Amino acid sequence: MQKSECHGGLQLRNRGAGNCDQRASSSAQMKQGRTPAQQGKSSSATGSPESARKLHPRPSDKLNPKTINPFGEQSRAPSAFAAIYSKGGIPCRLMHGSVKHTLQWECPPENLPFDPLLITLADGLRETKHPYTFVSKEGFRELLLVPGAPEKAVPLLPRLVPVLKAALVHLDDDVFARGLNALVQLSVVVGPSLNDHLKHLLTSGSLFIIKSKIPTYCSICC
C-alpha cells in the first residue's frame, strides 16, 4: 500500500512538473516570437514618463492645456505692402546715403498714376519694419508734391480715408505719427475737399491732437 501510494504521488508530481515545463516553454516561445521593435515599444510604453502621464493624467493637465508660446517667433505671412514691394509693384527703391536715405523713382513721379499707387503707399504707413516704413512715408509725401496732385488725389479720398484711419488708430506710436503726418500733407493738397471725410476719419481720442495740426480751413476740426 505504501509503495502504490508513493508511486501515485510520484506520478502526480511528474505531471505537475510537466505542466510547469510546458507553461514555461510556451511563455518563452511567446517572448522569442516578438520582434525587437515590439519589445522596444512594450518596454518604452511601460517605462517612459510620457506613457505614465498618459495612463495616469495629472489633475493639473486639465487646468493647464498646451498653448502656443506668445514670445516665440511665429512664421507670419508678409503684409500686402511688403508683398507688393518685393514684387516690384512700388516704382521706387530706397537709396542708402551717408547722411540720409532717399528714394529713386523708376520714372518721374508726375507721370505715375495715383490710382492705386497713392492708396498702396498710404496702406504701407502701418508697416513697422525697414525699409517699408521709409518707402511708404517718403513715397506718399513725394507723390503729393507733383504737379496736378490735387486733381489726382481728390477722387481717391473715399478710399484713402479708411486707410489713413487704420494708421491713426494703430497702437504703435510711430505708425500713428506717420498717419498723422500723411493726413496733414493730404489736407494741404486737397484743401476743403477733405472736410466731408473728416467725420469718418477722426476718433474722439485723436481729435484733440489733430486739431492743432490740420489747417484752419478744415471746418470740422476748427
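Could you count how many residues in segment 86-115 are open to solvent by less than 30 Å² (accessible area, probe 1.4 Å) and part of a strand (DSSP E or B)? Lay out the reasoning, then the answer.
Step one: of segment 86-115, the residues open to solvent by less than 30 Å² (accessible area, probe 1.4 Å) are 90-92, 94, 103, 109, 112, 114.
Going one step further and asking which of them are part of a strand (DSSP E or B), we end up with 92, 94, 103.
Of the residues in that region, 3 qualify.
Would you mention how many residues in segment 117-162 are in a helix (DSSP H, G or I) and in contact with a Pro (Cβ under 7 Å, 6 or more places away or on another chain)? Reasoning before the result, please.
Start the filter on segment 117-162 by keeping residues that are in a helix (DSSP H, G or I), which leaves 117-126, 132-143, 149-162.
Narrowing further to those that are in contact with a Pro (Cβ under 7 Å, 6 or more places away or on another chain): 142-143.
Matching residues across segment 117-162 total 2.
Is it the case, given these coordinates, that Ala166 is in contact with a helix residue (DSSP H, G or I) (Cβ under 7 Å, 6 or more places away or on another chain), under 22 Å from Leu198 (Cβ atoms), modelled with pLDDT of 95 or more and among the hydrophobic types (A, V, I, L, M, F, W, C)?
Working: in contact with a helix residue (DSSP H, G or I) (Cβ under 7 Å, 6 or more places away or on another chain): yes; under 22 Å from Leu198 (Cβ atoms): yes; modelled with pLDDT of 95 or more: no; among the hydrophobic types (A, V, I, L, M, F, W, C): yes.
No; evaluated as a whole, the condition is false for this residue.
To keep it simple, each residue is scored yes or no on (1) among the acidic types (Asp, Glu); (2) farther than 25 Å from Asn111 by Cβ; (3) open to solvent by less than 80 Å² (accessible area, probe 1.4 Å); (4) at pLDDT 95 or above.
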position: Leu125; (1), (2), (3), (4): no, no, yes, yes
position: Lys137; (1), (2), (3), (4): no, no, no, yes
position: Arg141; (1), (2), (3), (4): no, no, no, yes
position: Glu151; (1), (2), (3), (4): yes, no, no, yes
position: Pro162; (1), (2), (3), (4): no, yes, yes, no
position: Asn195; (1), (2), (3), (4): no, yes, yes, no
position: Ser206; (1), (2), (3), (4): no, yes, yes, no
position: Ile209; (1), (2), (3), (4): no, yes, yes, no
position: Cys222; (1), (2), (3), (4): no, yes, no, no
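The values are calculated or read from the model by the stated rules, or taken from the named source; none is laboratory data. Worth saying up front: this structure is predicted, and the values here are computed from it rather than measured. Using ideal geometry, Cβ is built from the backbone for each residue, glycine included, and neighbour counts are taken over all protein chains shown. Quick note on the areas: whole protein, heavy atoms, side chains included, nothing else; ligands and nucleic acids left out. Shrake-Rupley method; radii C 1.70, N 1.55, O 1.52, S 1.80 Å.
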